[in-house]
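J.: Structure in structure tokens, see below.
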Amino acid sequence: MGNVALFHLICGVFIFWSVSLVKAEDTYKYFTWTATYGILSPLGVPQQVILINGQFPGPRLDLVTNDNVILNLINKLDEPLLLTWNGIKQRKNSWQDGVLGTNCPIPKNSNYTYKFQTKDQIGSYTYFPSTQLHRAVGGFGALNVYARSVISVPYAKPAGDFSLLIGDWYKSSHKVLRQILDSGRSLPYPNGLLINGQKQSTFSGDQGKTYMFRISNVGLKNSINFRIQGHKMRVVEVEGSHVLQNFYDSLDVHVGQSMSVLVTLDQPPKDYYIVASTRFSRISFTATSVLHYTNSQTPVSGPMPPAPAGQMHWSMLQARTFRWNLTSNAARPNPQGSFHYGKITISRTFVMANSASLINGKLRYAVNSVSYVNPDTPLKLADHFNIPGVFNLNSIQAYPSGGSPYLGTAVFPTSHHDFIEIVFQNDEAAMQSWHLDGYDFWVVGFGSGKWTQASRNKYNLVDALTRHTTQVYPKSWTAILVSLDNQGMWNLRSAMWDRQYLGQQVYLRVYDPTASLANEYDIPTNALLCGKAAGRHT
């Protein structure tokens, strides 16, 4: 009898210890954020910007793998607002994606509480407003997900950690910029470039130590090149993927992209230029900051490190050097590649051609001839409540037809657990950048000219990088592979916000006929209901 009692006691202690350990790892973090307008002078001219809790850029959101986030967003702007969590997969939870296809916007003088988990992710991400052109005047910030204590990462812990939000900037208000686009004109060139909302800032470190710089392009239109005077950068992570660790003098970072580099302060003690400059545009802008050695007595001096002489071809060659580190642990304690993407049969192929056209006499951007228009009712709500007339699944073709462009609500029908190939075909003379919510994907190929089935012979099917945003070079194509293991309604869009605003986006409906909480969470009890979903019960 005593042995039985002892056995139950030991089991009880073990269960308690196990549950406590799980709770300790999957913590809840609570935030209250208030979005307001404020007057600042990022480029020396007073202008209205969007502040989060009085800050521009917004607060840095530091999380740990598998953290549960409860974030109450209070909207004190004069327009409806949504924040999207760029690169956070929202596992089984497109309800929290924060775009107009999944969420009703938060009315002015109202609030919404986001509830999501950084499930099985490590890396550098961002958040920003997805509504209107709010992103053009702030509301964005860094979102960093650190590894749990039980997960090792393939580099020593750095002595410090800096987030650099870099982007092109306009002196005009978001409402003026929106009026320009609504009138049928394209946006002019921006007025400058900012690093963390400033023309210049300082990052300090001790000589001999190694620091992490998390670089994100939060701009509207322009690719940027990033470099640090006299220092090599070792790339260790790109949008949640650990990569083979190569050293670079400069790095191209395209709109919507993020990466983490390690920099060792191994030079004589002085101050050094940190430089970001726009790429691939007729008018170039540069922003500088300072890397300050704490034992420095010498201010920054000398010529700034130049941008690379090479253009598109140079950039494409660099992009091919970013390779997945197959020996590194993922966010779970098991090796990456438990299944190998290069050996999976493709279920379906989508070739998506972007275009700039006139529709009803106004500039619009389209995908396979469809220029996306947001309906009054979010697609996710229409799907959940079976509301007709909001979208249909024959609204866009899987291949470009060359037909005349038209306005529509484009939704690609896909099935849960499909393994799909998406080819971004760019026949324009401008750089493109594409982002997919809810997923990361393998970037298996870049190439010039038209993609054909023979282009697959050039795919990297061994160690292609996984990420959530990829560039597509002018008159070129980029191919990605996606494992559709995340049920829901997901936005596939241009990361260039003027193009997104004027229609260069679609949605993927990842559908499973069997309703199951194992595949997708129920609609949140606090979901905002608008359009044809107004008045319904969650």
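The values are calculated or read from the model by the stated rules, or taken from the named source; none is laboratory data. Values in this document were obtained by computation on a predicted structure and should not be read as measured data. Every residue, glycine among them, receives a Cβ derived from its backbone with ideal geometry; neighbour counts consider all protein chains shown. Remember, those area values only see protein heavy atoms, side chains included, never the ligands or the DNA or RNA. Shrake-Rupley method; radii C 1.70, N 1.55, O 1.52, S 1.80 Å.
J.: Could you state the per residue volume, in Å³, of the convex hull enclosing the Cα atoms of the stretch 29-68? Mind dumping the intermediate values first?
T.: Working: hull volume 2.6 nm³, N = 40.
Cα convex hull per residue, to the nearest whole number: 65 Å³.
J.: Could you work out the Rg to Rh ratio of the stretch 41-96, with Rh taken as the Kirkwood radius (inverse of the mean 1/r over all Cα pairs)? Walk me through the numbers before you get to the answer.
T.: Details: Rg = 14.5 Å, Rh = 14.2 Å.
Looking at the stretch 41-96, the ratio lands at 1.03.
J.: If you place +1 on the Cβ of every Lys and Arg and -1 on the Cβ of every Asp and Glu, how big does the dipole about the Cα centre of the stretch 383-488 come out, in debye to the nearest 20?
T.: Values: 5 positive and 9 negative charges, 80 e Å.
Roughly 380 debye for the stretch 383-488.
J.: In square angstrom, what is the accessible area per residue of the stretch 363-495 with a 1.4 angstrom probe? Kindly include the intermediate steps, with their values, before the conclusion.
T.: On the way: 4370 Å² over 133 residues.
For the stretch 363-495, the per-residue accessible area is 33 Å².
J.: Shifting gears a bit: Please give the per residue accessible area of the stretch 252-315, computed with a probe of 1.4 Å over protein heavy atoms only, in Å². Numbers along the way, then the final one.
T.: Numbers: 2650 Å² over 64 residues.
With the other protein chains kept in place, the stretch 252-315 gives 41 Å² per residue.
J.: Tell me the per residue accessible area of the stretch 115-160 using a 1.4 Å probe; a whole number in Å² is fine. Intermediate values should be presented prior to the final figure.
T.: Details: 1370 Å² over 46 residues.
On a per-residue basis, 30 Å².
J.: With label points built 7 Å along Cα→Cβ from the Cα atoms of S415 and D522, find their separation and express it in nm.
T.: Each label point is offset 7 Å from its Cα along the Cβ direction, giving 2.9 nm.
J.: Kindly rank 138-146, 41-49, 260-268, 386-394 from highest to lowest mean number of other beta carbons found within 10 Å of each residue. Mind showing how you got there, number by number?
T.: Values: 138-146: 24.0, 41-49: 14.8, 260-268: 18.6, 386-394: 12.3.
Highest to lowest by the protection proxy: 138-146, 260-268, 41-49, 386-394.
J.: Next question, about the same structure. Kirkwood hydrodynamic radius for the stretch 449-510: how many Å is it when counted over pairs of different Cα atoms? List each step's numbers first, then the result.
T.: Details: mean 1/r = 0.0717 Å⁻¹.
About 13.9 Å, per the Kirkwood formula over Cα pairs.
J.: Sticking with this one: Magnitude of the Cβ-charge dipole of the stretch 83-240, K/R +1 and D/E -1, about the Cα centre, nearest 20 debye? Show your work: numbers first, answer last.
T.: On the way: 20 positive and 8 negative charges, 18 e Å.
It works out to roughly 80 debye.
J.: Just to be sure I understand the rule: take each whole DSSP H helix in the chain, project its Cα atoms onto its long axis, keep it if the span is 24 Å or more and its mean Kyte-Doolittle hydropathy is at least -0.5. Which ones pass? Numbers along the way, then the final one.
T.: On the way: long enough: 2-25 (34 Å, 1.43).
Long hydrophobic helices here: 2-25.
J.: For the stretch 49-171, calculate the relative contact order in percent as a whole number, restricting contacts to Cα pairs under 8 Å that are 6 or more residues apart.
T.: Numbers: 232 pairs, mean separation 40.9, N = 123.
It comes to 33 percent, rounded to a whole number.
J.: Here's something else I'd like to know. Greater than 19 Å separation of Cα atoms is the criterion. Which listed pairs, K89/K119; K29/K119; K175/K221; K76/K199; K157/K209, meet it? Walk me through the intermediate numbers first.
T.: Details: K89/K119 8 Å; K29/K119 14 Å; K175/K221 17 Å; K76/K199 27 Å; K157/K209 11 Å.
Going by Cα-Cα distance, K76/K199 fall outside the 19 Å limit.
J.: While we're looking at this one, here's another question. Normalised by the residues of the stretch 249-392, what does the relative contact order come to in percent, with Cα pairs under 8 Å and at least six apart? Kindly include the intermediate steps, with their values, before the conclusion.
T.: On the way: 108 pairs, mean separation 17.7, N = 144.
Relative contact order, the stretch 249-392: 12 percent.
J.: Using a 10 Å cut-off on Cβ atoms, rank the peptides 218-229, 293-304 from the highest mean neighbour count down.
T.: On the way: 218-229: 23.7, 293-304: 12.3.
Packing proxy ranking, top to bottom: 218-229, 293-304.
J.: Would you mind calculating the relative contact order of the chain from Cα pairs under 8 angstrom and at least 6 residues apart, reporting the percent as a whole number?
T.: Details: 1369 pairs, mean separation 74.0, N = 538.
Worked out over the chain, it gives 14 percent.
J.: Among rounded, prolate and oblate, which fits the stretch 189-340 when a ≥ b ≥ c are the square roots of the eigenvalues of its C-alpha gyration tensor, a/c under 1.5 means rounded, and a/b larger than b/c means prolate? Intermediate results must be reported in sequence, preceding the final value.
T.: Numbers: a/c = 1.99, a/b = 1.24, b/c = 1.60.
Oblate, since a/c reaches 1.5 and b/c is not below a/b.
J.: I've got another one for you. Could you tell me what percent of the accessible area of the chain is made up of carbon and sulfur, with a 1.4 Å probe and every protein chain present?
T.: Working: 11740 of 21420 Å².
Whole-percent figure for carbon plus sulfur exposure: 55.
J.: To two decimal places, what compactness ratio does the stretch 349-469 give when its Cα radius of gyration is scaled by 2.2 N^0.38 Å? Let's see the in-between values first.
T.: Values: Rg = 16.0 Å, N = 121, 2.2 N^0.38 = 13.6 Å.
After normalising by residue count via 2.2 N^0.38 Å, the value is 1.17.
J.: Mind checking the alpha-carbon convex hull of the stretch 104-200 and giving the volume per residue in Å³? Walk me through the intermediate numbers first.
T.: Numbers: hull volume 17.4 nm³, N = 97.
Enclosed volume per residue, from the Cα hull, is 179 Å³.
J.: Could you sort out which of K171/K232; K92/K380; K92/K115 sit more than 22 Å apart by Cα distance in this structure? Numbers along the way, then the final one.
T.: Numbers: K171/K232 34 Å; K92/K380 13 Å; K92/K115 12 Å.
Listed pairs above 22 Å: K171/K232.
J.: Given the peptides 245-257, 444-456, 354-366, arrange them by the average over their residues of other C-beta atoms within 10 Å, most packed first.
T.: Details: 245-257: 19.8, 444-456: 15.0, 354-366: 17.1.
So the order, starting with the most tightly packed, is 245-257, 354-366, 444-456.
J.: Evaluate the distance, in nm, between pseudo-label points positioned 7 Å from the Cα of A156 and of R536 along their respective Cα→Cβ axes.
T.: Placing both labels 7 Å along Cα→Cβ, they lie 5.7 nm apart.
J.: State, to one decimal in nm², a quarter of the convex hull surface area for the C-alpha atoms of the stretch 406-465, i.e. the direction-averaged projected area.
T.: Working: hull surface 24.5 nm².
About 6.1 nm², averaged over all directions.
J.: Now for a separate question. Output ³J(HN,Hα) for the stretch 108-116: one whole-Hz value per residue in order, computed from phi by the Karplus curve 6.51 cos²θ - 1.76 cosθ + 1.60 with θ = phi - 60°, and x for Gly and Pro.
T.: 4, 6, 9, 8, 8, 9, 6, 9, 8
J.: Put +1 on the Cβ of each Lys and Arg and -1 on the Cβ of each Asp and Glu in the chain; which of N426, V482, G208 then has its Cα farthest toward the positive end of the dipole?
T.: Ranked along the dipole, the leading option is N426.
J.: Still on this structure: Can you give me the Kirkwood hydrodynamic radius for the stretch 157-234, using every pair of distinct Cα atoms, in Å to one decimal?
T.: Details: mean 1/r = 0.0671 Å⁻¹.
Here the Kirkwood hydrodynamic radius works out to 14.9 Å.
J.: Taking the alpha carbon gyration tensor of the chain, what are the square roots of 5 times its eigenvalues, largest first, to the nearest whole Å? Don't jump to the answer; show the numbers that get you there.
T.: Numbers: eigenvalues 214, 205, 129 Å².
Listed largest to smallest, the semi-axes of the chain are 33, 32, 25 Å.
J.: So if we plug the beta-carbon distance of D485 and Y189 into 1/(1 + (r/R0)^6) with R0 = 60 Å, what FRET efficiency do we get, rounded to 0.05?
T.: Details: r = 41 Å, r/R0 = 0.68.
The value I calculate is 0.90.
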